[in-house]
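The values are calculated or read from the model by the stated rules, or taken from the named source; none is laboratory data. Not measured: the values here are computed from a predicted model. No Cβ is skipped: glycine too gets one built from the backbone with ideal geometry, and neighbour counts run over all protein chains shown. The area values use the complete protein model at the heavy-atom level, side chains included, leaving out ligands, DNA and RNA. Shrake-Rupley method; radii C 1.70, N 1.55, O 1.52, S 1.80 Å.
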Amino acid sequence: MNKIIQIQLILLFMLFGVSGSIYAQSKVLKGTVMDSQSKMGIEGVVISSSDGKSFTLTNDEGDFELTIDDQVKMLWFSQLNYQTKEVSTASTMLIELDLINKDLEEIVMFSKSLDVVFKPALQKVENLVEKGDLYRTYSREFNMVNGTLSNVADGLVDYYIEKPTKTPKIEVEQNRVFYSIKDSEDASLEEVFNTIGLGDIREFLVNDGSISKIKKILEELDSYDFVTRKKVGLNGEETIVVEFEPKENLKGWKYYEGYVVFTADQQYLLEYKLRLSKSYEKNRKVHNFLILKAYFNDWLWQGVYRKQGEHYTLFYKVAQIDVQFIRKKWGSHRVNILREVQVNEVEKNVEIPKIMKYRNRSLFSLKSNYQTEFWKNRNIRLLTTKEEAVLRALEERSQP
C-alpha cells in the first residue's frame, strides 16, 4: 500500500477516534416514578446513572428528566421509604417502586449520643468548601405571590471560594429573569415582592443554616424521637438512616420532622430533608418584624451529597419557604419562595479572579443575558406542571 495512503488512513482513524471521545453522545430520559400500590407519583426519588456521573430528583408529581452518556445502560432509583430499584435505560421510564417494610429493617443502636456519632460527617459538610474551590452550578429562584403573580430567575452561576468563612464571589455566565409583578398596578404587592432575592444567593451554596439545625436536633433528646435503621442498597452497600420527629406536648412551634442519611461508617452525610413539623402547626404565631408581621406556614430544606472519585461534594440543595406577610396598608399576602442549586462541576485550586463581572446578591437584580438555551437538559429537579405553566406564561409575556 502506498505510504501516503497509509499515513492518510492512520490520520483518518485517529481523527475519528479523537472525535468520538470529544463528542461523546448523550441522551435525555424523561419519566415518572410512582408507588406500585397507589400509582401516585413519588417526590424526592434520587435517580443516578450507573457510571456515577449523572444525578437528579423527582419533583412533587414524581416526574423527572435526566441527561446521561449514551453508553450508560442502567439507572438506580432510591428513596427513603422505598426499595431501591435498578432499571435499564432502554426500558420505558414509567417506574414503580415498592414500599419498604421498615419492621424488617435492622434497627441500629449506638453507645454514644447521635450528635457525637455523626459529628465527623456533619463537620465534613460544614468544612466542605475550601480556598480555591470553583463550583460551577445551575441556580434557580422561583417566587409566587398569592398563587397568581410570579417571578422566575435562573442562571449558570460560578461560585469562587476565597476563604471558607467568606462570602463567595460569583460570576453569572448566562441567566434569565422573568417578572409578572413588574407590570402590576398593585403597588402594595410590589412592596411585598421585595422578598425577591430574599437572603443572599452567594451564601446559599455554602451556608443556609440547615446543617446547624440538624446538629441541634440530634442534640435535643428531650424534644425529639429518633429511629435509626440500616438500609441496604442494590449492590449490598449499607447506609444509616436517622428519622426524627418532635415529641408530643412540647411548648412552642419551631420543631422539625425529617431524616438524615449517612454512610455506614458514619463518616459522610449523603442526604437530608427537614421541614417544620405539621404536628405543631397550631402553635405557630405571627412574628413581628420592623415594618410587617409574618406567619410561617412551612419551611423546608433538602440537600444531596455524593462522593465521586477523590472528592466528596454537594450535588443538590433546595430551600422552600411558605410565608404570610401582614401589614395594615397591604393586607395579607402569601409568598412562596423556592431556591435551588445544582452543582455541575467542582474545580480545585483555582486562581480567584481579581475583578468579578457580577457582585449582585440576587439573580433578580440582573437583566437576562442568555445566548443559548442553557436551561434545557440540566439534571435538576423537573418543574411541576403548575410551575411549568407559570414559566411558560412568563416567557410568552416577555416576547417582544
query = Just one of the numbered conditions (1) within 26 Å of Lys230 (Cβ to Cβ); (2) modelled with pLDDT of 90 or more; (3) open to solvent by 40 Å² or more (accessible area, probe 1.4 Å) is not true of Val33; which one?
reply = (3)
request  = Considering only region 332-365, state which residues are at pLDDT below 80 and of a type outside the set (A, V, I, L, M).
outcome  = Lys354, Lys357, Tyr358, Arg359, Asn360, Arg361, Ser362, Phe364, Ser365
key: Test result for Ser368, more than 22 Å from the chain's Cα centre (by Cα), at pLDDT below 85 and over 19 Å from Glu65 (Cα atoms)   = no
task = Might you check whether a residue that is within 22 Å of Tyr305 (Cβ to Cβ), modelled with pLDDT under 80, in a helix (DSSP H, G or I) and open to solvent by 20 Å² or more (accessible area, probe 1.4 Å) occurs anywhere in region 199-215?
result = yes
task = Tell me, yes or no, whether region 87-110 has at least one residue that is in a loop (DSSP other than H, G, I, E, B) and touching a helix residue (DSSP H, G or I) at 6+ places or on another chain (Cβ under 8 Å).
result = yes
request  = Name the single residue, out of those in region 86-121 being more than 25 Å from Asp225 (Cβ to Cβ), in contact (Cβ under 8 Å) with a residue 24 or more places away in the chain and in contact with a strand residue (DSSP E or B) (Cβ under 7 Å, 6 or more places away or on another chain), that is most open to solvent (accessible area, probe 1.4 Å).
outcome  = Leu94
request  = State the number of residues belonging to region 222-239 that are in a loop (DSSP other than H, G, I, E, B) and of a type in the set (A, V, I, L, M, F, W, C).
outcome  = 1
key: Pick from region 336-355, criterion outside any strand (DSSP E or B) and either in contact (Cβ under 8 Å) with a residue 12 or more places away in the chain or in contact with a His (Cβ under 9 Å, 6 or more places away or on another chain) (or both), ranking: most open to solvent (accessible area, probe 1.4 Å)   = Glu351
request  = Hey, can you tell me all the residues within region 128-159 that are open to solvent by less than 20 Å² (accessible area, probe 1.4 Å) and hydroxyl-bearing (Ser, Thr, Tyr)?
outcome  = Tyr135, Thr137, Tyr138, Ser139, Ser150, Tyr159
ask   = Based on what the data block shows, is Val108 more than 22 Å from the chain's Cα centre (by Cα) and more than 22 Å from Glu388 (Cβ to Cβ)?
value = yes
Lone unmet requirement of (1) of a type outside the set (Phe, Trp, Tyr); (2) without any contact (Cβ under 8 Å) to a residue 24 or more places away in the chain; (3) touching a His at 6+ places or on another chain (Cβ under 6 Å) for Asn288 = (3)
